[in-house]
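Q: First the structure, then my questions, so here it is.
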Amino acid sequence: MWHDILLKVLKANQIRLVAYVPDRVLAPLISALAADDFFTVVSPSREEEAVGIVAGAWMGGTRGVVLMQTSGFATLPNVLASLAVPYQIPVLMVVSERGTLGEFNIGQAMVCRTMRPVLDCLGIENHTIARDDELQFIADKTIQQAFVTLAPACLILSPLLTNSRLKGETR
């Protein structure tokens, strides 16, 4: 399953801190990370706070990741543009994508349409992953690049990967 692959990639890249805002699609990954003593898992109240926690951890010598859904990304441009990008902090983000494939919520669709252009404008490497067979390679190389170049990066998990919209599920 996609969440098992991603857990192994995070562990292989020494990502020890996980800051997440609850999300049903990411729930299997979050549960697996919380059950593994390798990871420290925290749940701040907002995505900006999660970025601040991961940025602070980086300054203290610990690698981290922020987990969120698409709508949570809408709150991040300021903290990314004023903290992570100019201070070269490799904030890694994993976003469960909403706003596509028959989305019923216009707010989700709007954020989904603007997320990639905002990431591109900020010069933040981002990749959308749609298949299990590409997940390990893309995630691993993106994480390595983020830490070597000291730059934020974003992995966007398509509903085609997570099956979140294909089964008629809603959040």
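The values are calculated or read from the model by the stated rules, or taken from the named source; none is laboratory data. From a predicted model like this one, the values you see are computed outputs, not experimental measurements. We place every Cβ from the backbone using ideal geometry, glycine too, and count neighbours over all the protein chains shown.
Q: Scan segment 31-53 and give yes if some residue there is crowded, with 21+ Cβ neighbours inside 10 Å, of a type in the set (Gly, Ala, Ser) and in a helix (DSSP H, G or I), otherwise no.
A: Looking through segment 31-53, at least one residue is crowded, with 21+ Cβ neighbours inside 10 Å, of a type in the set (Gly, Ala, Ser) and in a helix (DSSP H, G or I).
Q: Suppose we keep only residues that are over 13 Å from the mean Cα position of the chain (by Cα) and outside any helix (DSSP H, G or I) within segment 1-16. Which one would you say is modelled with the lowest pLDDT?
A: If we take residues in segment 1-16 being over 13 Å from the mean Cα position of the chain (by Cα) and outside any helix (DSSP H, G or I), then Met1 is modelled with the lowest pLDDT.
Q: To continue, here is another question. Checking Tyr20 against (1) over 26 Å from Asp4 (Cβ atoms); (2) hydroxyl-bearing (Ser, Thr, Tyr); (3) in contact (Cβ under 8 Å) with a residue 40 or more places away in the chain, only one condition comes out false. Which one?
A: It is condition (1) that Tyr20 fails.
Q: Tell me whether segment 71-91 contains one or more residues that are within 16 Å of Leu10 (Cβ to Cβ) and either out of contact with any Pro (no Cβ under 7 Å at 6 or more places or on another chain) or hydrophobic (A, V, I, L, M, F, W, C) (or both).
A: Yes, segment 71-91 contains at least one residue that is within 16 Å of Leu10 (Cβ to Cβ) and either out of contact with any Pro (no Cβ under 7 Å at 6 or more places or on another chain) or hydrophobic (A, V, I, L, M, F, W, C) (or both).
Q: Another question about this same structure. Among the numbered conditions (1) surrounded by 22 or more Cβ atoms within 10 Å (Cβ to Cβ); (2) more than 23 Å from Ser43 (Cα to Cα); (3) among the acidic types (Asp, Glu), tell me where Glu134 comes up short.
A: It fails just one condition, (1).
Q: Taking the options Val85, Val91, Val111, name whichever one is under 18 Å from Val42 (Cβ atoms) and touching a residue at least 24 places away in the same chain (Cβ under 8 Å).
A: After ruling out the rest, the residue left standing is Val91.
Q: Taking segment 139-164, which residues are more than 22 Å from Trp58 (Cα to Cα) and not small (Gly, Ala, Ser)?
A: Leu157, Pro159, Leu160, Leu161, Thr162, Asn163
Q: Does segment 27-41 contain any residue that is farther than 17 Å from Ile124 by Cβ and of a type in the set (Asp, Glu)?
A: yes
Q: Out of the residues in segment 2-16 meeting the condition of being surrounded by fewer than 18 Cβ atoms within 10 Å (Cβ to Cβ) and either free of Cβ contacts under 8 Å to residues at least 40 places away in the same chain or basic (Lys, Arg) (or both), tell me which one is farthest from Ile89 (Cα to Cα).
A: Asp4
Q: Exactly one condition in (1) buried (at least 20 other Cβ atoms within 10 Å of the Cβ); (2) in a helix (DSSP H, G or I); (3) touching a Pro at 6+ places or on another chain (Cβ under 8 Å) is false for Ala19; which is it?
A: Among (1) buried (at least 20 other Cβ atoms within 10 Å of the Cβ); (2) in a helix (DSSP H, G or I); (3) touching a Pro at 6+ places or on another chain (Cβ under 8 Å), the lone unmet condition for Ala19 is (2).
For every residue, the table says whether it meets (1) modelled with pLDDT of 95 or more; (2) out of contact with any helix residue (DSSP H, G or I) (no Cβ under 7 Å at 6 or more places or on another chain).
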residue: Leu29; (1), (2): yes, no
residue: Phe38; (1), (2): yes, no
residue: Val41; (1), (2): yes, no
residue: Gly56; (1), (2): yes, yes
residue: Met59; (1), (2): yes, yes
residue: Gly72; (1), (2): no, no
residue: Pro77; (1), (2): yes, no
residue: Glu103; (1), (2): no, no
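Q: How many residues are aliphatic (A, V, I, L, M), buried (at least 21 other Cβ atoms within 10 Å of the Cβ) and in contact with a Ser or Thr (Cβ under 8 Å, 6 or more places away or on another chain) if we restrict to segment 93-110?
A: Adding up the residues that qualify gives 1.
Q: How about segment 49-70: which of its residues are within 11 Å of Met93 (Cα to Cα) and touching a Pro at 6+ places or on another chain (Cβ under 8 Å)?
A: Ala50
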